Amino acid sequence: MNADDQAITRQPRAYLTFVFIGLSAGLLSGLFGVGGGTVILPLLVLMLHYDQRRGAGTSLAAIVPTASVGVISYALSGAVAWIPALILAAGAVIGAQIGTRLLPKISQAALRWGFVGFLVIVIVSLFVVIPSRDAHLILGWANGIGLAGVGMVTGIIAGLIGVGGGVIVVPVLMLVFGTSDLVAKGTSLLMMIPTALSGTIGNLRHRNVDLLAAGIIGLSACTTTALGAWLATLINPFVGNMLFAGYLIFIAVQMAIKAIQAHRR
């Protein structure tokens, strides 16, 4: 981020934007079991002109307090699978370090298109996965190894794209491991806390984090995460998926347009 962009992100409008981003991310975090990175990163890029690397690092740092509040909300209703979450987190912490090491070596264009591709995969999964409130996760050796593998892949994506991985873990837990949508969301939020911490440490070393922005966004998100988690228990899971898919389609289109415009310059 150059000096002009740095000045823009310290203007009053920028602070209000940080709060808006945080409130939006917190609501979706609780509602869909994601850390909020699918909201934070694109809005930082589109509204405040953050470059992809700094936006990814800032997003990942903001996820830590957001996911923490979400876990507490889901845990109060018993919708957290603690051991699977720890297995996912162990793989994700390793993967996050790999992702953050790759981040400075990948071009801005590649990151933009990679993020668009990532969102397309998520959107498709939201139409494929049919959540069930009655399904349970049965943990065994095969599942344990599978969870560790999913965690590592999620961690790499977290380090590269700046999301906590909920948009991957939630549908995978429901579709592959056969758990309920609420438990998948609560477990996902718990998994992404150490993942986001690990990725943030790596990003701090490479100076890819705006700590002030991350702090404002994270604290703002904490005020709406519990509300989102409560709404998740009331809204039909399929309807929730479709609403989220619609939002991600909008974000993916905007990011694709930005990548095309950058390529033409």
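On the basis of being within 19 Å of Val80 (Cβ to Cβ), of a type in the set (Val, Ile, Thr) and modelled with pLDDT of 85 or more, does Thr233 make the cut?
Numbers: within 19 Å of Val80 (Cβ to Cβ): yes; of a type in the set (Val, Ile, Thr): yes; modelled with pLDDT of 85 or more: yes.
For Thr233, the condition - within 19 Å of Val80 (Cβ to Cβ), of a type in the set (Val, Ile, Thr) and modelled with pLDDT of 85 or more - is met.
Among the listed residues Ala110, Ala90, Ala142, which satisfies the condition of being free of Cβ contacts under 8 Å to residues at least 12 places away in the same chain, more than 16 Å from the chain's Cα centre (by Cα), within 25 Å of Ile201 (Cα to Cα) and assigned to a helix (DSSP H, G or I)?
Details: Ala90 fails: free of Cβ contacts under 8 Å to residues at least 12 places away in the same chain; Ala142 fails: within 25 Å of Ile201 (Cα to Cα).
One residue alone meets the criteria, Ala110.
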Residue ID - nearest to Ala226 (Cα to Cα), chosen from residues in region 51-87 that are assigned to a loop (DSSP other than H, G, I, E, B) and among the aliphatic types (A, V, I, L, M)
Leu76
Of the residues that sit in region 176-205 and are out of contact with any helix residue (DSSP H, G or I) (no Cβ under 7 Å at 6 or more places or on another chain) and part of a helix (DSSP H, G or I), which one is nearest to Thr225 (Cα to Cα)?
Val183
Residues of region 176-191 satisfying the condition of being within 18 Å of Ala142 (Cβ to Cβ) and of a type in the set (A, V, I, L, M, F, W, C):
Val176, Phe177
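Among the candidates Val69, Val34, Val122, single out the residue that is surrounded by 16 or more Cβ atoms within 10 Å (Cβ to Cβ) and at pLDDT 85 or above. Full working, then the answer.
Numbers: Val34 fails: at pLDDT 85 or above; Val122 fails: at pLDDT 85 or above.
Exactly one residue qualifies, and that residue is Val69.
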Ala75 fails exactly one of the following numbered conditions: (1) at pLDDT 85 or above; (2) closer than 22 Å to Asn203 by Cα; (3) in contact with a Gly (Cβ under 7 Å, 6 or more places away or on another chain). What is the number of that condition?
(2)
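The values are calculated or read from the model by the stated rules, or taken from the named source; none is laboratory data. Remember, it's a predicted structure, so these values are computed and weren't measured experimentally. Cβ atoms come from the backbone with ideal geometry, glycine included; neighbour counts cover every protein chain shown.
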